[in-house]
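Reading through the C-alpha cells given below for one structure.
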Amino acid sequence: RALYAIRAIGLEKDEKLPRATEEFAAEYLTGIEQVRPNERPLLLGHCGGAIIAYEMARQLTARGTPPAGLILADPEISEDFAPYLHKSGLALQLVQSAWRKRAAQLDEVMRKNPDLSGEVRRVLVAGGIKHAIGTYTPQRYHGPTLLMTSVRRRRILLDETRGFPTLLPVVDVFTATVGHL
C-alpha cells in the first residue's frame, strides 16, 4: 500500500488557511484524490492530525466511499484543543466561541501579511490547525478504527460519556507504553 504524508495547508504564500476541521479534511481529500483517484485510503493521523483524519473518514463515508480503515494515534485531548472531550452545552459553546475569535484574528494577520514565510508562517499555520480543532464538534463514525493511545491519554480518550466510545461504536484500542511524541 502506498503511503503519503500530507503537509499542512497554508504553508505556501498563495494558500488560504482553512478555518474549520471540515475544511482541512476536504482539502486533504482533494489532494489524495488527485494522486490516487480510485483508491480507498487507509487514513492515519497523530495528535491534532488524528482529529482531521477522523473527519476525513467521515466525509469519505458520507460520499459512499469509506476509507479502507482509520488509525487515530494518540488524538489531541487538551481542554482547549478538543473541548468536546471535556465540556458540553454552554461551556463548550463558550470555549469554541473564543477559538473562533482567535481564528478570525489569525486570519486577519495572514491576510494583511501574505508574504510571511519561514518559522513565523509555520507557527501561524499550526495555530490555525489548533483553532480549527478547538471549534470542531465531531459526529459519529461507524467504520473500522484503531485507536492508539499513550497511557497518559487513555482515560480521557476512552471515557464512556465524552470520549471516543461515544463517537465510534466499534473500535480496537492499543495502548502504547511510550509518551505522546
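In the stretch 53-92, which residues are closer than 27 Å to Pro37 by Cα and open to solvent by 20 Å² or more (accessible area, probe 1.4 Å)? If you could, list the steps in order and put the result at the bottom.
Step one: of the stretch 53-92, the residues closer than 27 Å to Pro37 by Cα are 53-73.
Answer for the stretch 53-92, where residues must be closer than 27 Å to Pro37 by Cα and open to solvent by 20 Å² or more (accessible area, probe 1.4 Å): Arg58, Gln59, Thr61, Ala62, Arg63, Gly64, Thr65, Pro66, Ala68, Ile71.
Exactly one condition in (1) closer than 20 Å to Gly49 by Cα; (2) surrounded by 11 or more Cβ atoms within 10 Å (Cβ to Cβ) is false for Leu116; which is it?
(1) is the only condition that Leu116 fails.
Look at the stretch 149-170 and say how many of its residues are open to solvent by less than 60 Å² (accessible area, probe 1.4 Å), closer than 14 Å to Asp74 by Cα and aliphatic (A, V, I, L, M).
3
Assuming Leu44 fulfils every condition listed in (1) surrounded by 12 or more Cβ atoms within 10 Å (Cβ to Cβ); (2) over 22 Å from Ala176 (Cβ atoms) apart from one, which condition is it?
The one condition Leu44 does not meet is (2).
If the Cβ limit is 9 Å and pairs must be 6+ apart or interchain, which residue in the stretch 164-176 that is modelled with pLDDT of 85 or more pairs with which residue that is open to solvent by 60 Å² or more (accessible area, probe 1.4 Å) and part of a helix (DSSP H, G or I)?
Val173/Arg154; Thr175/Val151; Thr175/Arg154; Ala176/Val151
Six or more apart or on different chains, Cβ under 6 Å: which pairs go from a residue in the stretch 79-95 that's closer than 18 Å to Tyr54 by Cβ to one that's basic (Lys, Arg)? Could you list them?
Phe81/Lys130; Leu85/Arg162
For the stretch 34-65, name all the residues that are over 17 Å from Pro138 (Cα atoms) and in contact with a helix residue (DSSP H, G or I) (Cβ under 6 Å, 6 or more places away or on another chain).
Hit for the stretch 34-65 is Pro41, nothing else.
Determine if the stretch 105-127 includes at least one residue that is touching a Pro at 6+ places or on another chain (Cβ under 6 Å) and part of a helix (DSSP H, G or I).
No, the stretch 105-127 contains no residue that is touching a Pro at 6+ places or on another chain (Cβ under 6 Å) and part of a helix (DSSP H, G or I).
Give the residues of the stretch 120-148 that are at pLDDT below 90, open to solvent by 60 Å² or more (accessible area, probe 1.4 Å) and basic (Lys, Arg), sorted by residue number.
Once the filter is applied, which keeps residues that are at pLDDT below 90, open to solvent by 60 Å² or more (accessible area, probe 1.4 Å) and basic (Lys, Arg), the stretch 120-148 yields Arg122, Lys130.
Kindly indicate whether Leu17 is aliphatic (A, V, I, L, M), assigned to a loop (DSSP other than H, G, I, E, B) and crowded, with 17+ Cβ neighbours inside 10 Å.
Details: aliphatic (A, V, I, L, M): yes; assigned to a loop (DSSP other than H, G, I, E, B): yes; crowded, with 17+ Cβ neighbours inside 10 Å: yes.
Spelling it out, Leu17 is indeed aliphatic (A, V, I, L, M), assigned to a loop (DSSP other than H, G, I, E, B) and crowded, with 17+ Cβ neighbours inside 10 Å.
The values are calculated or read from the model by the stated rules, or taken from the named source; none is laboratory data. Since the structure is predicted, the reported quantities are computational estimates derived from the model, not experimental observations. Neighbour counts are summed over all protein chains in view; Cβ atoms, including those assigned to glycine, are modelled from backbone coordinates with ideal geometry. Just the protein is used for accessible areas: all its heavy atoms, side chains included, with ligands, DNA and RNA removed. Shrake-Rupley method; radii C 1.70, N 1.55, O 1.52, S 1.80 Å.
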